[in-house]
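All remarks here apply to the structure that follows.
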Amino acid sequence: MSIKQQILAANDLRLEKLEIPEWNVNLWVRAWDGSARSRHEDRARALSKGASTRFLREHIVAISVCDEEGRLVFDEDKDLEALSKKSSAILDRIVAAALKVNAITADDLNDLKKS
């Protein structure tokens with residue numbers, strides 16, 4: 001197997017289990033692939049230019065929450081409104097876990113705001 005094939009075949013999207021007792025569920029937060037990271041960064045850059053922050057938290061949840069096999073649970077285009085009706089405290093816990101598993105720091109967020 002070539003190096004290219006090895007890299008492309010590698011399962012490198014780390015999962016972190018997260019217990020949400022208020023929902024009586026355990027869910028998993030996964031590392032983003034390059035495409036999801038780029039979409040997140042595009043949203044963050046738009047915010048720095050005055051775009052609405054509506055659904056920012058929900059978008060991070062949608063691109064992060066998955067089942068134990070790594071399959072995303074939510075549709076980032078269709079489920080944001082429904083997610084916005086859930087507890088902001090719970091959404092914040094999920095967002096914190098997502099930023100952690102994706103190694104996104106406060107400095108990274110500040111750098112995006114500047115670009």
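Stretch residue 67-residue 86 to full length: gain in nm at 0.36 nm per residue minus the Cα-Cα span?
5.0 nm
Taking amide H positions as placed 1.01 Å from N in the peptide plane, with prolines and chain starts having none, which residues 5 or more places from residue 28, or on another chain, fall under 5 Å of its amide H?
Sorted by chain and number, the residues that satisfy this are 18, 66.
Please find the FRET efficiency linking residue 48 to residue 5, where r is the Cβ-Cβ separation and R0 is fixed at 41 Å, and quote it to the nearest 0.05. Mind showing how you got there, number by number?
On the way: r = 39 Å, r/R0 = 0.95.
Calculated value: 0.60.
For the cross-link pairs 4/100; 17/49; 49/86; 4/86, which exceed 30 Å when the distance is taken from alpha carbon to alpha carbon? Please list the in-between numbers first.
Numbers: 4/100 28 Å; 17/49 34 Å; 49/86 27 Å; 4/86 42 Å.
The pairs that break the limit, which is 30 Å between Cα atoms, are 17/49; 4/86.
If you look at just the Cα atoms of the stretch 14-114, how large are its Rg and its Dmax in Å?
13.1, 40
We did not get these values from a lab; they are worked out from the coordinates using the rules stated. Computed from a prediction, not measured in an experiment: that's the story for all the values here. Reconstructed Cβ throughout: ideal geometry from the backbone, glycine too, with neighbour counts over all protein chains shown.
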